[in-house]
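These notes are about the structure you will find just below.
Bear in mind these aren't lab numbers, they're just calculated from the coordinates by the rules spelled out. These numbers come from a predicted model, not from an experiment. Here Cβ is always computed from backbone atoms with ideal geometry, including for glycine, and neighbour counts include all displayed protein chains.
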Amino acid sequence: MDFDIIIVGGGPSGLTAGIYASRAKAKVLIVNEGSIGGQMVLTHQIDNYPGVESVSGYQLSKTMRQQAKTFGCTIKTGVTLTNISLDGEVKSVELDGKQTFTAKSIIIATGGRSRNLNVKGEDEFKGKGISYCATCDGDFYRDMEIIVVGGGNSALEEAVSLTKYASKVTIVHQFDHFQGYQHAIDEAKAHSKINFMLESRIIEFIGTEKLEKVRIESLNSGEITEMSISGVFIFIGYVPQTEFLKDKLELNSWGEIVVDNNLQTNQKGVFAAGDARVTRTRQITTAVADGTVAALRALDYINQK
Amino acid sequence: MVLGTNLKHIETAAKHNEIINSTENVMVCCGRMGPMCLPVYDIMEDLEDEYTNVAFYDMLFDSPEAHVIRNAPECSNFMGLPFTVYYKNGKLVKATSSIQNRAQITTILDEYFS
């Protein structure tokens, strides 16, 4: 057996699980596909993490990572999980189609990720007209016309923030109403640079070297129109990163992992923590608590073997 | 002005030119401390031990000195951070815009620097 526990995911729940398990002298591997810290690194400033007056998400991630490494965790980041085996006594993960690591227990802490539109041209024009981060890329669109896709708080608030740069912002949303808070809706509706295309969806991104136009379908009439545009910002919510667990673990209809009070999944020795599991509250503090519980129960599980 | 990563930083255009002309294989990630850039820095930090034939650097996108990357012809259509550029013997051989995963980065390293 290569490790006692493999933790899939390097956000606050995964790192906390790593800290607790490795401090208990378990041999622990954390594998992570994105950035260490997960969605936590997206937060510019955290003011409600107990015991810390104010800290950036990046700094808190760095500290947690360092703590995990100090206690002996092996961390592999930026890897692609190409296979996972959860049944039986020996669990395993395959990384980048090359390396396979085995363990007695696995903790799934994959969190959530921004939802993509999954329409033609989206991958091709990422970074060349399509963005998922207003703070990162907004200033590339000074005095240009852009689209924001989505109808939740993120879309509405980012549309308003993008008016600092863009000459015109069109919010394209599939429903006839918004899901955001009323104050966010009111602010977007009152802004002179923002207009709306409701009950519509983008069906194709078109361009040569960079994005030049989009095809938009009216969900009422079925009419398809083309709009010349310099940029599209996509904010259509988060999904739990559990697609790879279909047919391996019990998931609910939203793709969240079903667990018991000990965060044990329907597979013995497999635990789930953080935003990927069924839960109503998704905060850094709850993720940290989950990581703690999952690590302690995983230790119980391997010690009973 | 430098980024808060564990990578080696390039602070000036002159240093940038000196590095790419004195080192065979160089990867530079030019960005900010944002969500599209951080994963790329993380991956580069991890790859430093694995790709010992490549020199990994970052550069602050908002530094005036970063014009050497911002204004590179290969980056002219880029509208997403970070701008990641790869040099072989001083020549820019590949550039990417926005977030990249480990497999995308190692594919480029293997293709151009192996």
Evaluate peptide A:65-77: per residue, the Cβ atoms of other protein chains within 10 Å of its Cβ; return the mean as an integer. 1
Orphan Cys of chain A, criterion: no other Cys C-beta under 4.7 Å: A:Cys73
From the convex hull of the Cα coordinates of chain A, what is the mean projected area in square nanometres? 17.4
Region A:1-153, convex hull of Cα, quarter of hull surface, nm² -> 12.1
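Counting Lys and Arg as +1 and Asp and Glu as -1, what is the net charge of the other residues whose Cβ lies under 14 Å from the Cβ of B:Tyr86? Walk me through the numbers on the way to the answer.
Details: positive: B:Lys88, B:Lys91, B:Lys94; negative: B:Glu24, B:Asp58, B:Glu74, B:Asp110, B:Glu111.
So the environment of B:Tyr86 carries a net charge of -2.
Just the Kirkwood number for region B:46-108, please: inverse of mean 1/r across all distinct Cα pairs, in Å, one decimal. Can you show the working numbers first?
Details: mean 1/r = 0.0786 Å⁻¹.
For region B:46-108, the Kirkwood estimate is 12.7 Å.
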Per-residue mean of other chain beta-carbon atoms within 10 angstrom of the beta-carbon, peptide B:36-46? 6
Counting residues in region B:8-113 as N, plug N into 2.2 N^0.38 Å and put the Cα Rg over that result. 0.95
What are the extents of the Cα atoms of region A:50-107 along their three principal axes, in Å, largest first? 44, 22, 18
Using alpha-carbon pairs under 8 Å, 6+ residues apart, how would you state the relative contact order of region A:177-217 in percent? 27
Calculated FRET value between B:Asn71 and B:His9, using beta carbons and R₀ = 22 Å, to 0.05: 0.65
Using 30 Å as the Cα-Cα cut-off, could you pick out the over-long pairs in A:Lys76/A:Lys305; A:Lys164/B:Lys88; A:Lys69/A:Lys164; A:Lys76/A:Lys126? A:Lys164/B:Lys88; A:Lys69/A:Lys164
What order do you get for B:102-110, A:188-196 when each peptide is scored by the mean count of other beta carbon atoms within 10 Å, highest first? B:102-110, A:188-196
Once all Cα-Cα distances of region A:172-267 are split into 10 Å bins that start at 0, what whole-number percent is in each one? 12, 28, 26, 22, 11, 1
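In the protein assembly as shown, what percentage of the DSSP-assigned beta bridges are antiparallel, given to the nearest 5?
Values: 39 of 82 bridges.
Of those bridges, close to 50 percent are antiparallel.
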How would B:Ser114, B:Ser63 line up from fewest to most surrounding beta-carbon atoms within 10 angstrom? B:Ser114, B:Ser63
Return the aspartates and glutamates within reach of A:Lys25: Cα separation strictly under 19 angstrom, same-chain partners fewer than 8 residues apart disregarded; answer none if there are no such residues. A:Asp2, A:Asp4, A:Asp300
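Please arrange A:Lys98, A:Lys210 by how many other C-beta atoms lie within 10 Å of their C-beta, fewest to most.
Working: A:Lys98 9, A:Lys210 18.
Arranged by neighbour count, lowest to highest, A:Lys98, A:Lys210 become A:Lys98, A:Lys210.
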What ranking do B:His67, A:His173 get, fewest neighbouring Cβ atoms within 10 angstrom at the top? B:His67, A:His173
Once Rh for region A:130-234 is found with the Kirkwood sum over Cα pairs, what is the Stokes-Einstein diffusion coefficient at 20 °C and 1.002 mPa s, in µm²/s? 157
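All other residues with a Cβ under 14 Å from the Cβ of B:Leu60 taken together, and with Lys, Arg as +1 and Asp, Glu as -1, what is their net charge? Before the final figure, lay out the partial values.
Working: positive: B:Lys8, B:Lys15, B:Arg32, B:Arg70; negative: B:Glu11, B:Asp58, B:Asp62, B:Glu65.
Here the count lands on 0.
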